[in-house]
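Throughout, read-outs are computed from the coordinates displayed, never taken from laboratory work. This structure is a prediction, so every number in the text was calculated from the model and none was measured. Heads up, the Cβs are rebuilt from the backbone with ideal geometry, glycines too, and the neighbour counts pull from every protein chain shown.
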Amino acid sequence: MVTDPSGLHIRNVSVRYGELLAVDNVTLTVAPGAVLALLGPSGSGKSSLLRAIAGLEPLATGAVLWDGVDLASTKVHQRNFGFVFQDAQLFSTMDVGHNIAYGLTKLPRPKRSERVREMLRLVGLEGYENRKVTELSGGQAQRVALARSLAPSPRALLLDEPLSALDRNLRDHLADELAGILRAVGTTAIHVTHDQDEASKVADTVAVMDRGRLLQRDTPDVLWRSPASREVARFLGFTAFLDATTARDLGWRGHLKDGAVLGIGPRSLELDDDGVALPITSQGFALGEVEVGVRLPDGQLATVTAPERVEAEQIHVRLTGGAVTPENTM
Ligand code: ADP
Ligand code: MG
């Protein structure tokens, strides 16, 4: 089989810290212009893999290639990758404009200012050239960090939890904006995050990692509809797993093939006055809505999202969603 060598190829990469295997034999490709999310819990090896791609961490095994060329002997700064980290890491003694112009020393001065203005427009901070970076909000600082990393037109952008230090609302908003900016620029990018929704918003495909291993790589749509294992499903927030009969009794109309169970997550059950009555086990607020805990007919627990607190011992629901998950995994 002939594979297209263009873009980024990560082949059988492992990273070791002494005895600890932080990245375990990961193989991934990112096509030119595509955005990949590396999604996994804290400690799953995302940053180690990103650093290995950047050349900041030695490989215990494997290779990182760009357009078919092994980067083993290409130093970090020669790889022409841009970086954005959780903490914007701006130069505090320089204004916004000089931060963005930092990687543009090869350009003649007028072209440099033009590029800085262009980048500020791109990240929605037009006219901020002379601002002190110490006067920026967290979200603005991350926009400047993004502008700085994109200014020299890197061939790939590596983002390590760039939104994780921001509060929830801002993070949601910036995730949408970042997705738009990456598409507008057309840059190849790897976006590291532990947030399932953020990964699905920003990336074309999501690679799920746990304990150094790559568990699944798919489009957000496929990932949420059919996680490759219960491990992945649980990480995505599916808490209960039903057989076909139980699922149908709850109103589900889909088809479950042999050897599969239906994962139930926070959006799988919908309120329906004509639906099945389930006992309420708990109620809690989340993002302005109420998460109602319910006990399913087979005893497993699940949640239903309701607009307000339910003043009853039961709630009527219908099962409309869910994730088709292999049965015989952990
Ligand atoms: P993530 O980014 O997914 O949170 P990391 O790649 O930072 O995960 O870490 C993966 C594992 O490697 C963790 O167990 C972490 O403690 C360990 N680790 C990370 N960096 C180092 C290091 N420089 N030295 C030793 N262990 C490390
Ligand atoms: Mg990390």
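Conditions (1) over 20 Å from Thr188 (Cα atoms); (2) within 16 Å of ligand 2 (Cβ to nearest atom); (3) not acidic (Asp, Glu), marked per residue:
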| residue | (1), (2), (3) |
| --- | --- |
| Ala37 | no, yes, yes |
| Gly40 | yes, yes, yes |
| Lys46 | no, yes, yes |
| Leu49 | no, yes, yes |
| Ala54 | no, yes, yes |
| Glu57 | yes, yes, no |
| Asp67 | no, no, no |
| Val76 | no, no, yes |
| Gly82 | no, no, yes |
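Just checking, how many residues over region 285-309 are farther than 22 Å from Asp243 by Cα, surrounded by 11 or more Cβ atoms within 10 Å (Cβ to Cβ) and small (Gly, Ala, Ser)?
1
Could you please let me know if Ser268 is under 21 Å from Glu313 (Cα atoms) and surrounded by fewer than 17 Cβ atoms within 10 Å (Cβ to Cβ)?
It is false that Ser268 is under 21 Å from Glu313 (Cα atoms) and surrounded by fewer than 17 Cβ atoms within 10 Å (Cβ to Cβ).
Picking from Ala179, Ala175, which residue would you name as being more than 16 Å from Met94 (Cβ to Cβ), in contact with a strand residue (DSSP E or B) (Cβ under 8 Å, 6 or more places away or on another chain) and in a helix (DSSP H, G or I)?
It is Ala179.
With respect to Arg11, is the statement that it is among the charged types (D, E, K, R), under 21 Å from Phe81 (Cβ atoms) and surrounded by fewer than 23 Cβ atoms within 10 Å (Cβ to Cβ) true?
Here the answer is yes, as Arg11 does meet what is asked.
I need the full set of residues from region 202-251 which are crowded, with 22+ Cβ neighbours inside 10 Å, assigned to a loop (DSSP other than H, G, I, E, B) and within 13 Å of the chain's Cα centre (by Cα), in order please.
Once the filter is applied, which keeps residues that are crowded, with 22+ Cβ neighbours inside 10 Å, assigned to a loop (DSSP other than H, G, I, E, B) and within 13 Å of the chain's Cα centre (by Cα), region 202-251 yields only Ala203.
Within region 188-201, take every residue that is part of a strand (DSSP E or B) and of a type in the set (A, V, I, L, M, F, W, C) and give me the one that is surrounded by the most Cβ atoms within 10 Å (Cβ to Cβ).
Ala189
Return the residues of region 214-237 that are under 12 Å from Pro41 (Cβ atoms) and either within 16 Å of ligand 2 (Cβ to nearest atom) or among the charged types (D, E, K, R) (or both); say none if nothing qualifies.
Glu231, Arg234, Phe235 - these are the residues of region 214-237 that are under 12 Å from Pro41 (Cβ atoms) and either within 16 Å of ligand 2 (Cβ to nearest atom) or among the charged types (D, E, K, R) (or both).
How many of the residues making up region 12-55 are of a type outside the set (A, V, I, L, M), assigned to a strand (DSSP E or B) and farther than 19 Å from Leu157 by Cα?
So the answer is 6.
If you check Leu20 against the conditions, is it free of Cβ contacts under 8 Å to residues at least 12 places away in the same chain and either among the hydrophobic types (A, V, I, L, M, F, W, C) or within 16 Å of ligand 2 (Cβ to nearest atom) (or both)?
yes
Counting only residues that are over 30 Å from Thr27 (Cβ atoms), acidic (Asp, Glu) and either in contact with a strand residue (DSSP E or B) (Cβ under 9 Å, 6 or more places away or on another chain) or not in a helix (DSSP H, G or I) (or both), how many does region 62-116 have?
2
Among the strands (runs of 3 or more DSSP E) confined wholly to region 255-330, which include 2 or more residues that are farther than 17 Å from Val222 by Cα, under 24 Å from the mean Cα position of the chain (by Cα) and of a type outside the set (Val, Ile, Thr)?
In region 255-330, 289-295 are the strands (runs of 3 or more DSSP E) which contain 2 or more residues that are farther than 17 Å from Val222 by Cα, under 24 Å from the mean Cα position of the chain (by Cα) and of a type outside the set (Val, Ile, Thr).
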